[in-house]
Amino acid sequence: MLRYAVKRIGLAVVILFTVMLAMYAMVFLVPGDPASLALGPRATPELKALLRERMGLDQPVLSQIWHFFASAATGDLGYDVWSKRPVLDQILEFFPNTLILGALALGWALVAGVALGCLAVVWRGRMIDRLLGVLSVSLISVPAFVVAIYALLVFAVWLRWLPAIGAGTPGDLVSQAKAVILPAFALGVGWVGYIARLVRASMLEVMGENHIRTARAFGLPESRIVLRYALRIAIIPTIAILAVGLGSVLSSAVFVETVFGRPGIGTLITGAVQKRNYPVVMGTVLFMTAFYLFIVTAADLLIARLDPRVRDVFRG
C-alpha cells in the first residue's frame, strides 16, 4: 500500500508541475502585450511599463518561470495587479462558497442517484426500470447552466419561493440555505442520472456473485440483499466517480455562480479574466488544479485500501 501511495502522489506532483508550466506558457502565447490589453489603447507607455513591472513581465522568461515555481512551492501565488492583495487570500475568501455549493450538489445527487439505482435493480426488467433508465439519460443530457436558467425562472421569478441572486445575508443561516438550494439543484441534476446508471450497472454485476446467491438461498428479501450485501460492494466505483465529479462540479460552478450572482471561484476568475489580471487567473487555476488532484489521489488511495486488486493492476 505504501508503494502504491508513493506512486500516486508522485504522479499527482508531476501533473501539477506540467499544468503550472503549460499555464505559465499560455501568458506568452496570448496575442498582444498583457499590460496593453489590461490598460487599454489610451494608456501611456510609462503606465504600461509600471504594470509590466508589477506583473513581473519585465524579467527574462526563465527567471519569471523560476520565480513562479519557487513562490508557488511556498504557497505564495502572487499579488493582485489592481488591489495588491495576495492572490491566496482572495481565493480562500471565495473558495468556501464554491466548495459548499459543490459538496451540496454532489451530496443530494449521490443520495438520489443511489436510491434510483437501487430501485432500478429491485425492479429490473420491468416498466419502472425502463422509465428510470430514460429519466437517468435525460438528466445526464441536460447542461447545468440550462437547468440553472430554468430553475431561476420557475422557482425564483414565477413562484418566488427562493431568492434569485446572491449567497444570502451574512450570519443568517436560513437566508444562506435558501440561496444555495437552486444553484446546488442545478449543479447536481446531471449527476443524479449518472450515479443512478453507474450504481445500477455495478449492482447488476455484483448480483451474480456467490455470496448473493447464497443470501437468496437462505430466503432473504430482495430489497435486503440489494441494500445490505450488494450496495456495499457496488458503491466502490462510485467513490472514484465522485472524486472526478467534484472537479467537474467545481468547473461547472463557474457558469452557475454567474447565473445566480453567487460570490465564488467562478466569480473571481471571471472578473480576473475580464480585467486581464493574470496573477489572479494563474493562481486560481493552480489552486483548483491542486485541490482537484488532492481529491482524486485521496479517492484512489481509498479505493486501493478497499480493493487490493487495484494496487496489483497499478503495479503491473
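Out of Arg224, Arg200, which single residue is outside any loop (DSSP other than H, G, I, E, B), charged (D, E, K, R) and touching a Leu at 6+ places or on another chain (Cβ under 9 Å)?
Values: Arg224 fails: touching a Leu at 6+ places or on another chain (Cβ under 9 Å).
Going through Arg224, Arg200 in turn, the sole match is Arg200.
Among the residues of the stretch 101-133, what is the count of those that are open to solvent by 70 Å² or more (accessible area, probe 1.4 Å), under 19 Å from Gly190 (Cβ atoms) and touching a residue at least 24 places away in the same chain (Cβ under 8 Å)?
Counting residues in the stretch 101-133 that are open to solvent by 70 Å² or more (accessible area, probe 1.4 Å), under 19 Å from Gly190 (Cβ atoms) and touching a residue at least 24 places away in the same chain (Cβ under 8 Å) gives 2.
Check whether at least one residue in the stretch 178-197 is open to solvent by less than 10 Å² (accessible area, probe 1.4 Å), under 22 Å from Arg228 (Cβ atoms) and part of a helix (DSSP H, G or I), and report yes or no.
Yes.
Note down all Cβ pairs under 7 Å where the first residue falls in the stretch 268-289 and is assigned by TED's automatic domain parsing to the domain that holds Val249 and assigned to a helix (DSSP H, G or I), the second is at pLDDT below 85 and open to solvent by 50 Å² or more (accessible area, probe 1.4 Å), and they're at least six residues apart or on different chains.
Thr270/Thr258; Pro279/Tyr79; Val281/Val273
List every residue pair whose Cβ atoms lie under 7 Å apart, where the two residues are 6 or more positions apart in sequence or sit on different chains, the first residue falls within the stretch 67-88 and is touching a residue at least 60 places away in the same chain (Cβ under 8 Å), and the second residue, located anywhere, is in a loop (DSSP other than H, G, I, E, B) and of a type in the set (D, E, K, R).
Tyr79/Arg85; Trp82/Lys275; Val87/Asp80
What pairs come up if the first residue lies in the stretch 240-259 and is more than 18 Å from Gly107 (Cβ to Cβ) and without any contact (Cβ under 8 Å) to a residue 60 or more places away in the chain, the second is open to solvent by less than 30 Å² (accessible area, probe 1.4 Å) and of a type in the set (A, V, I, L, M), and their beta carbons are under 8 Å apart, counting only those six or more places apart or on different chains?
Val254/Ile265
For the stretch 231-263, which positions are open to solvent by 20 Å² or more (accessible area, probe 1.4 Å) and hydroxyl-bearing (Ser, Thr, Tyr)?
Ser248, Ser251, Ser252, Thr258
The values are calculated or read from the model by the stated rules, or taken from the named source; none is laboratory data. Because the structure is predicted, anything quoted here is derived from the model rather than measured. So basically every Cβ, Gly included, is an ideal-geometry build from the backbone, and we count neighbours across all protein chains shown. Remember, those area values only see protein heavy atoms, side chains included, never the ligands or the DNA or RNA. Shrake-Rupley method; radii C 1.70, N 1.55, O 1.52, S 1.80 Å.
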